[in-house]
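Heads up, the thing below is written out as structure tokens.
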Amino acid sequence: MQNLIVAVVAYLIGSVSFAVIVSAAMGLDDPRSYGSGNPGATNVLRSGSKKAAILTLIGDAFKGWLPVWFVVHFGARYGLDDTSVAIASIAVFLGHLYPVFFRFKGGKGVATAAGVLLAINPILGIATLLTWLIVAFFTRYSSLAALAAAVFAPLFDGFLFGPHIIALAIVVMSSLLVWRHRGNIAKLMRGQESRIGDKKKTDAAGSAAGGNES
């Protein structure tokens, strides 16, 4: 029963779309209506508001961090263990990808996954974030940086901690993140992928194929 509660609460927290909320609060267009059409920090950046993009990034990372951090640090007193941490990690990530409050149409989970990893272990989270930053800096492709981080996160975890149940959650999140970027992979191969900082397009017709927001 405890793990079921963890899953439901974490999923609901993950379902809060900061891209939509921040954009509405700042009087900006709905991020689902332009660019990639997906609600995430990189797509919000296309609105021209760096402040909105930063707030979205922080919000998405925080919601990934919060439930996992709580289970890691306070779960034992409620009968929770590493399995509960794994469940919270996957549930909050799924909430971001498929939010119940926004018709199950969410972002791709990069910032939320980063928050989860930081809560699991700060060293793991920082190593993965550095991977994203390095690739993004040299290529200006948010999607390519996200894919690199998704590949390296399980490797970093295995190197640091060896086999454990939480590693399964990290593999699941990484696999889902790669899957959600399948449209970006196709665009990268065609040389049509947008780079970080590109301005928005009002037509989001290509959103079904995937954008490059976090």
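Some notes on this structure:
- Residue that is nearest to residue 148 (Cα to Cα) [pool: residues in the range 182-214 that are assigned to a helix (DSSP H, G or I) and at pLDDT below 85]: 209
- Odd one out for residue 174, checked against (1) modelled with pLDDT under 95; (2) on the phi < 0 side of the Ramachandran plot: (1)
- Elements of type helices (runs of 4 or more DSSP H) contained in the range 105-175, each with 2 or more residues being more than 27 Å from residue 73 (Cβ to Cβ) and out of contact with any His (no Cβ under 7 Å at 6 or more places or on another chain): 122-139, 142-161
- Single residue of the range 69-106 satisfying the filter (under 18 Å from residue 17 (Cα atoms) and among the β-branched types (Val, Ile, Thr)) that is surrounded by the most Cβ atoms within 10 Å (Cβ to Cβ): 92
- Residue ranges of helices (runs of 4 or more DSSP H) in the range 28-101 with at least 3 members in contact with a helix residue (DSSP H, G or I) (Cβ under 8 Å, 6 or more places away or on another chain) and more than 23 Å from residue 180 (Cα to Cα): 50-74, 82-97
- Take the conditions (1) farther than 24 Å from residue 29 by Cβ; (2) surrounded by fewer than 19 Cβ atoms within 10 Å (Cβ to Cβ); residue 62 misses just one of them, which is (1).
- Assessment of the range 135-149 against the conditions (touching a residue at least 60 places away in the same chain (Cβ under 8 Å), surrounded by 16 or more Cβ atoms within 10 Å (Cβ to Cβ) and among the polar types (S, T, N, Q)) yields at least one matching residue.
- Looking at 51, 108, just one residue is among the charged types (D, E, K, R) and closer than 22 Å to residue 148 by Cβ, and that residue is 108.
- The range 139-171, subset among the aromatic types (Phe, Trp, Tyr) and at pLDDT 95 or above, residue farthest from the chain's Cα centre (by Cα): 156
- Residues of the range 36-76 satisfying the condition of being among the hydroxyl-bearing types (Ser, Thr, Tyr) and under 14 Å from the mean Cα position of the chain (by Cα): 42, 56
- Apart from one condition, residue 179 fits all of (1) of a type outside the set (D, E, K, R); (2) part of a helix (DSSP H, G or I); (3) in contact with a helix residue (DSSP H, G or I) (Cβ under 9 Å, 6 or more places away or on another chain); the exception is (3).
- Considering residues of the range 19-43 that are crowded, with 21+ Cβ neighbours inside 10 Å and among the small types (Gly, Ala, Ser) only, the residue farthest from residue 142 (Cα to Cα): 23
The values are calculated or read from the model by the stated rules, or taken from the named source; none is laboratory data. Since this is a predicted model, take the numbers as computed values, not measurements. Backbone-built Cβ (ideal geometry, glycine too); neighbour counts: all protein chains shown.
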